[in-house]
1. Give the residue, chosen from 101, 126, 94, 109, that is farther than 27 Å from residue 10 by Cα and in a helix (DSSP H, G or I).
2. For region 50-57, indicate whether the set of residues that are part of a helix (DSSP H, G or I), surrounded by fewer than 11 Cβ atoms within 10 Å (Cβ to Cβ) and within 13 Å of ligand 1 (Cβ to nearest atom) is non-empty.
3. From the residues in region 15-49 that are small (Gly, Ala, Ser) and on the phi < 0 side of the Ramachandran plot, which one is surrounded by the most Cβ atoms within 10 Å (Cβ to Cβ)?
4. Consider residue 137 carefully, then state whether it is in contact with a helix residue (DSSP H, G or I) (Cβ under 8 Å, 6 or more places away or on another chain), under 24 Å from residue 28 (Cβ atoms) and among the small types (Gly, Ala, Ser).
5. Restricted to region 132-146, and to residues that are assigned to a strand (DSSP E or B) and of a type outside the set (A, V, I, L, M, F, W, C), which residue is most open to solvent (accessible area, probe 1.4 Å)?
6. Hey, among 149, 129, which residue is within 14 Å of the chain's Cα centre (by Cα) and either more than 16 Å from ligand 2 (Cβ to nearest atom) or buried (at least 19 other Cβ atoms within 10 Å of the Cβ) (or both)?
Amino acid sequence: MKLFQRNFRILKNWSAYTLTDLAKIAKEIVSISSEIPTIWLFRGQMGAGKTTLIKEICKKLGVEHSVQSPTFSLVNEYQTKNAERIFHFDLYRLKNTQEALSIGIEDYLDSGNICLIEWPEQAEELWNIPHTTFRLSLNNEQTRNLEMIW
Ligand SMILES: Nc1ncnc2c1ncn2[C@@H]1O[C@H](COP(=O)(O)OP(=O)(O)O)[C@@H](O)[C@H]1O
Ligand SMILES: [Mg+2]
């Protein structure tokens, strides 16, 4: 197994952001997307705002159709206006890492396309590769905190 070692650092951090702040945050994230690993892990409890943030990021990446967490499969595919492909995973219902491997998750991860991944905790063995982490936490009913790390 190839070892992936580096010092993680917080790239950016937003505290107590509201839904109205999201468009600006997503724009900032997308503006540096070419400088960070394409595998984006979204960590944070249920209701922290992972899907909400992903929707806004997709909008800024130029996805025009609706973005929703995949429910019937592990992954949704979106196309941007520039015909780039984006993959959106929700691993919440994953039983184990093997199940992810059996749907060919490694091919998606290696594709070079941006992969937005909710509940990466369900398959920690997979993230031994360069990735960007978005750590979300609840502040109160209307506000959230976000750290972007890689
Ligand atoms: N500042 C905020 N950022 C994101 N979501 C917020 C915020 N304030 C309130 N919410 C609400 O919290 C919920 C977050 O849900 P969702 O994005 O589905 O979370 P997750 O995918 O982490 O389970 C949504 O109903 C959203 O409207
Ligand atoms: Mg979600």
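1. Values: 126 fails: farther than 27 Å from residue 10 by Cα; 94 fails: in a helix (DSSP H, G or I); 109 fails: farther than 27 Å from residue 10 by Cα.
On inspection, the qualifying residue turns out to be 101.
2. If we filter region 50-57 for residues that are part of a helix (DSSP H, G or I), which is where we start, we get 50-57.
If we keep only those that are surrounded by fewer than 11 Cβ atoms within 10 Å (Cβ to Cβ) as well, we get none.
Among the residues of region 50-57, not one is part of a helix (DSSP H, G or I), surrounded by fewer than 11 Cβ atoms within 10 Å (Cβ to Cβ) and within 13 Å of ligand 1 (Cβ to nearest atom), which makes the answer no.
3. Within region 15-49, the first condition is being small (Gly, Ala, Ser), and the residues that meet it are 15-16, 23, 26, 31, 33-34, 44, 47-49.
The next check asks that each one be on the phi < 0 side of the Ramachandran plot; those that pass are 15, 23, 26, 31, 33-34, 48.
Details: 15: 11, 23: 12, 26: 19, 31: 10, 33: 15, 34: 7, 48: 21.
Ranking the qualifying residues of region 15-49, first place goes to 48.
4. Working: in contact with a helix residue (DSSP H, G or I) (Cβ under 8 Å, 6 or more places away or on another chain): no; under 24 Å from residue 28 (Cβ atoms): yes; among the small types (Gly, Ala, Ser): yes.
No.
5. So in region 132-146, the residues assigned to a strand (DSSP E or B) come out as 132-138, 144-146.
Next, only the ones that are of a type outside the set (A, V, I, L, M, F, W, C) stay: 132-133, 135, 137, 144-145.
Working: 132: 0, 133: 10, 135: 116, 137: 49, 144: 42, 145: 38 Å².
In this case the residue turns out to be 135.
6. On the way: 129 fails: within 14 Å of the chain's Cα centre (by Cα).
Residue meeting the stated conditions: 149.
Yes/no per residue for (1) within 15 Å of ligand 2 (Cβ to nearest atom); (2) part of a loop (DSSP other than H, G, I, E, B):
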position: 14; (1), (2): no, no
position: 37; (1), (2): no, yes
position: 41; (1), (2): yes, no
position: 59; (1), (2): no, no
position: 69; (1), (2): yes, yes
position: 79; (1), (2): no, no
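For (1) farther than 20 Å from residue 51 by Cα; (2) in contact with a Gly (Cβ under 7 Å, 6 or more places away or on another chain); (3) within 16 Å of ligand 1 (Cβ to nearest atom); (4) open to solvent by less than 20 Å² (accessible area, probe 1.4 Å), each residue gets a yes or a no:
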residue	(1), (2), (3), (4)
88	no, no, yes, yes
92	no, no, yes, no
105	no, no, no, yes
114	no, no, no, no
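The values are calculated or read from the model by the stated rules, or taken from the named source; none is laboratory data. All of these numbers come straight from a predicted model, not from anything done at the bench. Quick reminder, even Gly has a Cβ in these numbers, built from the backbone with ideal geometry, and neighbours come from all protein chains shown. Note: areas computed on protein heavy atoms with side chains; ligands, DNA, RNA excluded. Shrake-Rupley method; radii C 1.70, N 1.55, O 1.52, S 1.80 Å.
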